[in-house]
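J.: Take this structure first; my questions come after.
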Amino acid sequence: MSSIHLIPRVIERDVRILFSDTFLVGIMFANFCIDLFVTAATFGNLIGSSYFLRIAPGSNLITAMVAAFQSGRDIWREKYIKDLASYLLTLPVSRRLFVTSRIVGGVARSLVVTVPGTLVISYLYGVLFSPRLFEAFVIVALFSLGIVGLSIAVSAFASTIEVFATVRSAIQLYLSFLSTIFYDVSLFPAIVQPIVQTNPMTWAMQAFRALQSQGSTLYPIAVLVGPSLAFALLGALCYLWYTRL
Amino acid sequence: MSSLTTRVTNSSELWVPSSSSKLLLQIARRDIATLFRTPWIIISRSLAFIIQLFVFAYLISGLVLSYPDYFRYYAVGAVVSTVASISFIIGYDIFEEAEEGLLDYLLTLPIPRREFIIGRALGGAIRAMIYTIPMFAIVAVLENFANPLSLLGATLDLFLIAFGVTGLSITVAVTVRSANRFDVVLALLDLAVTRASTALYPLNFLPGYVKILAPFSPVTFAGDSTRAALTGPSFDALSTAGLLAFVVIFLGLGATFYFRRLEGGVYA
């Protein structure tokens with residue numbers, strides 16, 4: 001069997017690992033519901049109904065972020081808990097191809113977990129029954145690509161689960177609060193604005209908002225590609241670094 | 001994380017004095033020491049609190065025009081929700097101890113089960129307080145809460161919610177078996193208890209379906225009672241009574257489930 005044929009197997013394995021505990025998938029959906037129907041709805045009441053629609057995609061992207069970080073957590077568990085890393089490296093596939101498959105697998109998992117959320121947001125934005133629904137999935141996939149890369153990078157360096165969880169929390173804080181989920185970039189102090197403008201969450205949110213306003217998503221998606229590919233590359237390099245002989 | 005054992009340097013230490021309070025404190029002291037052996041948790045939660053307060057609350061309160069001084073409301077609520085979140089950590093420790101076999105060792109200690117269980121809950125609550133007090137101090141300075149009696153009342157409310165959530169966390173830790181599930185159940189419970197409450201959002205602005213549940217959330221009791229102590233002229237007896245009921249119920253449940261797991265169903 002050629003190496004290329006193993007890629008779908010690796011991706012399938014990652015998706016199967018996710019569904020080995022369907023309860024976990026259910027809980028991630030419950031998290032999305034709490035974020036959207038409690039937090040976002042409350043801020044909608046506090047600030048204005050249009051604000052609810054403005055921040056709604058944030059709930060789905062936060063779920064995508066949590067799902068994407070599970071990929072890194074699973075790789076960490078394979079390395080330190082299940083002692084599977086050595087076995088996986090004996091598979092007849094090059095390491096570059098293997099890590100690429102793991103990243104694609106992570107994106108696939110994230111997309112699967114966020115299907116209900118993406119559909120709900122698309123319904124709220126009036127694109128559920130239009131071809132633009134495809135764009136919503138592209139945004140989630142691109143955003144997840146970067147986060148999967150980051151989570152794999154963290155898993156390569158974290159020696160304990162506490163370190164992994166701490167770095168994950170710090171990244172999640174950066175993605176959630178130093179982005180335009182809740183407020184416009186102009187509200188941030190000038191010194192923080194470059195951090196907000198380079199945040200992939202900012203551009204994923206902008207892309208979703210373009211869907212709502214029936215505008216073009218091309219520009220925000222084009223910008224989102226930059227950090228997402230950079231983080232994915234970082235994840236791949238870190239993975240290759242820790243698996244070197 | 002929880003593999004801390006107390007080294008016996010003197011054989012007389014093998015027999016712990018029979019005073020209940022000393023036994024409780026001994027167990028509680030161990031749990032407090034455990035928290036400080038895991039600085040990563042303290043770092044991540046502190047960072048979360050600081051960003052939540054100085055970035056999120058500061059910016060969002062500029063957008064909230066329908067509720068006057070939302071920053072103050074949110075700041076007090078952030079302390080209450082943080083103390084609740086930290087109190088959940090005891091469950092992780094207890095779960096890990098059972099998985100790693102450390103629980104067997106702990107049960108060989110010459111400490112009655114009742115003192116052991118209450119000591120665990122007390123240790124969980126005290127360490128949550130130790131961790132949260134610097135954050136509470138930041139909020140007190142920022143919002144100019146200077147009345148010693150008010151501060152004392154608010155601290156008591158925070159301790160009560162910490163004690164109750166510790167009981168809840170112990171209950172979950174000894175009833176859920178799978179490690180993965182336990183992680184997410186506790187995280188979801190933390191999120192649900194905090195968000196479906198008035199700690200961070202005023203009751204009138206919650207969606208209708210949450211408004212029905214929120215008044216019964218322990219975090220609501222703690223949030224309302226703490227706010228009344230700090231900002232209101234009166235003592236919120238109803239919220240304090242609700243908070244006390246929560247403590248009694250979940251400490252009782254936690255103790256019962258923990259005891260059943262330890263002793264295979266016999267309750268002494």
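Here, each number is a calculation from the coordinates, and none is a lab measurement. The structure presented is a predicted model; accordingly, all values stated were derived computationally and were not measured. Cβ coordinates were reconstructed from backbone atoms using ideal geometry, including for glycine residues, and neighbour counts include every protein chain displayed.
J.: How many Cβ atoms of partner chains, on average, are near each residue of A:107-119 if near means within 10 Å of its Cβ?
T.: Details: counts 0, 0, 0, 0, 0, 0, 0, 0, 0, 0, 0, 0, 0.
Averaged over the peptide's residues, the number is 0.
J.: How large are Rg and Dmax for region A:3-242 when calculated on the C-alpha trace, in angstrom?
T.: When restricted to the Cα atoms of region A:3-242, Rg and Dmax are 17.8, 57 Å.
J.: Mind checking A:36-46 for the average number of partner chain beta-carbons within 10 Å of each residue's beta-carbon? Write down the numbers at each step before the final one.
T.: On the way: counts 0, 4, 13, 6, 1, 7, 9, 5, 2, 9, 13.
Per residue, the average neighbour count from other chains is 6.
J.: Compactness ratio of region B:205-254: Cα Rg over 2.2 N^0.38 Å, N = residue count? Before the final figure, lay out each step's value.
T.: Numbers: Rg = 12.1 Å, N = 50, 2.2 N^0.38 = 9.7 Å.
Compactness ratio reported: 1.25.
J.: Here's another thing I want to ask about it. What order, most packed first, do the peptides B:88-95, A:120-127 have when packing is the mean number of other Cβ atoms within 10 Å of each residue? Present the calculation step by step, with values, prior to reporting the outcome.
T.: On the way: B:88-95: 24.2, A:120-127: 18.9.
So the peptides B:88-95, A:120-127, ranked by packing, come out B:88-95, A:120-127.
J.: If a/c stays under 1.5 just call it rounded; otherwise compare a/b with b/c (prolate if a/b is bigger, oblate if not). Do that for region B:75-121, with a ≥ b ≥ c from the square roots of the Cα gyration tensor eigenvalues. Mind dumping the intermediate values first?
T.: Working: a/c = 6.09, a/b = 2.11, b/c = 2.88.
Since a/c reaches 1.5 but b/c is at least a/b, the shape of region B:75-121 is classed as oblate.
J.: Can you tell me what percent of all Cα-Cα pairs in the protein assembly as shown are more than 40 Å apart? List each step's numbers first, then the result.
T.: Numbers: 34559 of 131328 pairs.
Value for the protein assembly as shown (Cα pairs over 40 Å): 26 percent.
J.: Sticking with this one: Subtract the Cα-Cα distance of A:Val225 and A:Glu162 from 0.36 nm times their separation in residues, and report this length gain in nm to one decimal.
T.: Details: separation 63, 0.36 × 63 = 22.68 nm, distance 3.05 nm.
Taking 0.36 nm per residue and subtracting the Cα distance, the gain is 19.6 nm.
J.: Quick one: if you stick a label point 7 Å off each Cα along the C-beta vector at B:Arg260 and B:Ser66, how many nm between them?
T.: Inter-label distance under the simple model: 4.4 nm.
J.: Another question about this same structure. Between B:Lys211 and B:Ile42, what FRET efficiency follows from the Cβ-Cβ distance if R0 is 25 Å, with the result rounded to 0.05?
T.: Values: r = 35 Å, r/R0 = 1.39.
Between B:Lys211 and B:Ile42 the formula returns 0.10.
J.: Fewest to most neighbouring Cβ within 10 Å: what's the order for B:Lys22, B:Lys211, A:Lys79? Display every interim value, and only then the final one.
T.: Details: B:Lys22 11, B:Lys211 15, A:Lys79 19.
Fewest-to-most ranking of B:Lys22, B:Lys211, A:Lys79: B:Lys22, B:Lys211, A:Lys79.
J.: For chain B, take every pair of Cα atoms, bin their distances at 10 Å starting from 0, and report each bin as a whole percent.
T.: Taking all Cα pairs of chain B, the binned fractions are 7, 29, 34, 20, 8, 2, 0 percent.
J.: Count, for each residue of A:155-162, the Cβ atoms from other chains sitting within 10 Å of its Cβ, then give me the mean as a whole number. Write down the numbers at each step before the final one.
T.: Numbers: counts 0, 0, 0, 1, 0, 3, 3, 7.
Average neighbour count from other chains, rounded to a whole number: 2.
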